[in-house]
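One structure is given here, and the rest of the page talks about it.
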Amino acid sequence: MGSIRRSKTKRRTRDLDQVHGDLSSEITVAKLKNQPLDESKPGLGQYYCVECAKYFETDFAEVVHRRGKNHKRRVKLLKEQPYSQGEIDAAAGVGVEKYFEFVSKYEEEKKQRQEEKSSSMQVE
């Protein structure tokens, strides 16, 4: 049974909430895409998929990966927002009122953005 556990954690990459944090800032994405040469990483650290947090040996291997099912699945999962601490607390029954206030503000902002998009599309 020990060998099964070892093989499961052998290729473990970063979790979705960690990658979502990387994608939240354009500066972080730029740093990850343009890393300095590092002999300890595959492809000297030059071919990196930010969404999957994986290094590749060649540019071709990275391109093939980006066309693949695993990459597309990961990108789809990253489009969802990770749970916030407020949501976690509300699920536990702590700070529920504060969470509902946050949700109502978020819904109002979302409606305003949709109205702005529809009004800008009508102007064009």
Taking a threshold of 30 Å on the Cα-Cα distance, which of the pairs K41/K76; K31/K69; K33/K105; K54/K98; K54/K111; K33/K72 fall above it? K33/K105; K54/K98; K54/K111
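All other residues with a Cβ under 11 Å from the Cβ of L44 taken together, and with Lys, Arg as +1 and Asp, Glu as -1, what is their net charge?
Numbers: positive: K41; negative: D38, E39, E57.
Taking every Cβ under 11 Å from that of L44, the sum is -2.
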Calculate, in nm to one decimal, what R73 and L23 gain on full extension: separation in residues at 0.36 nm each, minus their alpha carbon distance. 16.4 nm
Which whole-number percentage describes the relative contact order of the chain, with Cα contacts under 8 Å and a sequence gap of 6 or more? 16
Rounded to whole Hz, the Karplus (6.51, -1.76, 1.60) HN-Hα couplings of the range 28-38, x for glycine and proline: 5, 4, 4, 5, 5, 6, 10, 7, x, 4, 9
Can you compute 3J(HN,Hα) from phi for each residue in the range 54-63, using the Karplus curve 6.51 cos²θ - 1.76 cosθ + 1.60 with θ = phi - 60°, rounded to whole Hz and x for Gly and Pro? 10, 9, 10, 5, 10, 5, 4, 4, 5, 5
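For a test of the definition: using alpha carbon positions, the gyration tensor, and the 1.5 limit on a/c, classify the range 11-78 as rounded, prolate or oblate. Before the final figure, lay out each step's value.
Details: a/c = 1.76, a/b = 1.17, b/c = 1.51.
Here the range 11-78 falls in the oblate category.
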Kirkwood Rh, angstrom, the chain [1 / mean 1/r, Cα pairs]: 18.2
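By average Cβ neighbour count within 10 Å, what is the ranking of 49-62, 22-35 from highest down?
Details: 49-62: 16.4, 22-35: 11.8.
Ranking the peptides 49-62, 22-35 by packing returns 49-62, 22-35.
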Two-site label geometry, K33 and K10: point separation in nm, points 7 Å out along Cα→Cβ: 3.3
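Read-outs throughout are calculated quantities, based only on the coordinates presented, and are distinct from any laboratory measurement. Computed from a predicted model, the values in this text were never measured in an experiment. FYI the Cβ positions are ideal-geometry reconstructions off the backbone, even for glycines, and counts take in every protein chain you see.
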